[in-house]
1. Here's a check for you: in region 23-52, which residue that is at pLDDT 95 or above and polar (S, T, N, Q) is farthest from residue 87 (Cα to Cα)?
2. Is it true that some residue in region 42-53 is open to solvent by 20 Å² or more (accessible area, probe 1.4 Å) and of a type in the set (A, V, I, L, M, F, W, C)?
3. Of everything in region 101-123, what is at pLDDT 95 or above and either touching a Phe, Trp or Tyr at 6+ places or on another chain (Cβ under 8 Å) or at positive phi (or both)? Give them in sequence order.
4. List every residue pair whose Cβ atoms sit under 7 Å apart, with the two residues 6 or more apart in sequence or on different chains, where the first one lies in region 104-121 and is over 14 Å from residue 87 (Cα atoms) and the second, anywhere, is among the basic types (Lys, Arg) and open to solvent by 30 Å² or more (accessible area, probe 1.4 Å).
5. Being farther than 29 Å from residue 58 by Cα and in contact with a strand residue (DSSP E or B) (Cβ under 9 Å, 6 or more places away or on another chain) is the filter here; which residues of region 115-130 pass it?
6. Considering only region 63-86, how many residues are without any contact (Cβ under 8 Å) to a residue 40 or more places away in the chain and more than 13 Å from residue 125 (Cβ to Cβ)?
7. Within region 54-78, count every residue that is among the polar types (S, T, N, Q) and either closer than 28 Å to residue 129 by Cβ or open to solvent by less than 40 Å² (accessible area, probe 1.4 Å) (or both).
8. Does residue 81 satisfy being open to solvent by 80 Å² or more (accessible area, probe 1.4 Å) and among the charged types (D, E, K, R)?
Amino acid sequence: YTLVACGTAVVVYKRAELVATLEGEHTAPVRHLLAMGSSVVSVDATGLLVAWQLPSGEVAGRLHPGFAASALCHPATYLNKVLLGAPDGRMQLWNLRSSKRVHEFEHGWRAAVTAFEQSPALDVVGVGLA
């Protein structure tokens, strides 16, 4: 799939053919997209996270972590989980299926989380800071 954020909507293409337009959930511009198997996760400027099933476009879950995420990733082997980073340095692991926070990581830095990168080692994610 090719995913495009366009204002408050997410447009999904497969081989240059329009598959779906995912809309109606976000009220602010979509800032982040993350493909997870047959799902896509979108996060808007207010922090609302929506998980969509592809190609149907059904909403699989929604949550608001209390901040507008500045980075996100799906850790390898973590089923239905997404790691969110915040501009104030917080990190949270969320279960998308239950819409519950699994863990909030304590931080010793006072810098924005700007990027995540999955390590080849299991249970290890690199964190980029501003």
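1. Out of the qualifying residues, it is 27.
2. First, pick out the residues of region 42-53 that are open to solvent by 20 Å² or more (accessible area, probe 1.4 Å): 45-46, 48, 53.
Pick out the ones that are also of a type in the set (A, V, I, L, M, F, W, C) and you get 45, 48.
Checked region 42-53: at least one residue is open to solvent by 20 Å² or more (accessible area, probe 1.4 Å) and of a type in the set (A, V, I, L, M, F, W, C).
3. 101, 102
4. 104/90
5. Residues of region 115-130 farther than 29 Å from residue 58 by Cα: 119-130.
Within region 115-130, 119, 124, 125, 126, 127, 128, 129, 130 qualify.
6. Here the count works out to 10.
7. The first filter runs over region 54-78 and keeps only residues among the polar types (S, T, N, Q), leaving 56, 70, 77.
Next, only the ones that are either closer than 28 Å to residue 129 by Cβ or open to solvent by less than 40 Å² (accessible area, probe 1.4 Å) (or both) stay: 70, 77.
The qualifying residues number 2.
8. On the way: open to solvent by 80 Å² or more (accessible area, probe 1.4 Å): no; among the charged types (D, E, K, R): yes.
Here the answer is no, as residue 81 does not meet what is asked.
The values are calculated or read from the model by the stated rules, or taken from the named source; none is laboratory data. Here the structure is a predicted model, which means the values were calculated and not measured. Note: ideal-geometry Cβ built from the backbone for every residue, glycine included; neighbour counts use all protein chains shown. What goes into the accessible areas is simple: the full protein's heavy atoms, side chains included, and nothing from ligands, DNA or RNA. Shrake-Rupley method; radii C 1.70, N 1.55, O 1.52, S 1.80 Å.
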